[in-house]
Structures are given as C-alpha cells and as structure tokens.
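> Can you keep this structure in mind? I'll have questions shortly.
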Amino acid sequence: MKNGFTLVELLIVISVFSVLIIVLVNIFLMGIHIQRKISTSQDLRAGTQFVLEVMSREMRMMQEIGDDQKGNNDSDITFTNSQGEKITYCLSDSVGNCDSSGNYLARNNQVMTSSNIEIEELKFKVSDFSFTALPYLQPSIIIFIKAKNDDPKYPSPFSLQTTISPRIYK
C-alpha cells in the first residue's frame, strides 16, 4: 500500500480550489466596482450640494433683484448681493462664459462646479417680489439643478431643488 495522492485526486483538488479562487476574485472585483460607483455618486452629490448652498446663502442675503428677473423661469439669475456687487449665476461653458447649452455652473464668469460634474439642467424660478397684491406672501426663488457625473462607467443622474426666501425688507 502506497502513501500519497493519485493524479485524479490532485486534479480534483486543484479544480475545486481554482473554482473557489475565481469566485472569490469576482466577488472582490464586484465590491471594488460598487465602491467606485458609490464614491462617484457621493462626489456628485457633495459637489452639487456645495454650489447650491453657496448660491442659497448669497441669494438669501441679497439687497435687490432686477425687475426683469421677477417672475422668470430661466437658466440664469442676476441680483445685487449684500456687499452691493452685481452677481450672475448661469449655465456656462468650461471657461465660465454664460451659455444656456453649457454643462457647468458659473458665478460672474467663474466656473463653480468641478470638471467631473455635468449640469444637465439649471432653473431659477423667481416669484413676483411685489408686496402689493398679497403682502403676507414671502418672495421666493426656487433653484432646480439636474446634474450627472461625466464618467460613462458610473453615470448617476441626480436632481436637487431648494426654495429660498430672500431677506429683502421694504
């Protein structure tokens, strides 16, 4: 009687271990893929929320908004901020020039969004700021942003909307 393994036994063990290793490597690669997808989605949300918060703070403290902006539903907005500066937020090209077909968000011709975020849609809906019709209604600005990541492997479209009540007292 010989001690040892036959060739058939060795082949069976090697086959079982090979299948096991292939399954474990696939699970590991799938975990990496899911982690990258989550990471890109989080980056998109964080970047979009940041620019929305910056716009909201500045609009909340505005001094005035032009009559041409009142009642609009457009992809740009112009107002005077609390320091007396004229501010314009708009869709823009990659260098900050306002362009309604652009994929970036700009403030006074300076791109605010990172290069990996594409803004698909930007809308500012400005209520009528007149206090004569219904004096108890607060004037408001609704901002709607629809963005996506520019990486085709991990597309993650995402929309944000907020309503701002500027502190303009007359």
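> What tally of residues in segment 84-134 results from selecting those that are acidic (Asp, Glu), over 21 Å from THR40 (Cα atoms), open to solvent by 80 Å² or more (accessible area, probe 1.4 Å) and modelled with pLDDT of 90 or more?
The qualifying residues number 1.
> Among (1) at pLDDT 90 or above; (2) farther than 30 Å from GLU85 by Cβ; (3) surrounded by 10 or more Cβ atoms within 10 Å (Cβ to Cβ); (4) among the hydrophobic types (A, V, I, L, M, F, W, C), there is one condition PHE5 misses while meeting the rest; what is its number?
(1)
> Sticking with this structure for a sec: Among strands (runs of 3 or more DSSP E) lying entirely in segment 1-114, which contain 2 or more residues that are within 17 Å of the chain's Cα centre (by Cα) and under 23 Å from PHE158 (Cβ atoms)?
So the answer is 86-92, 104-107.
The values are calculated or read from the model by the stated rules, or taken from the named source; none is laboratory data. From a predicted model like this one, the values you see are computed outputs, not experimental measurements. Every residue, glycine as well, gets a Cβ built from its backbone with ideal geometry; the counts of neighbours run over all protein chains shown. Surface areas here come from the heavy atoms of the whole protein model, side chains and all, with no ligands, DNA or RNA. Shrake-Rupley method; radii C 1.70, N 1.55, O 1.52, S 1.80 Å.
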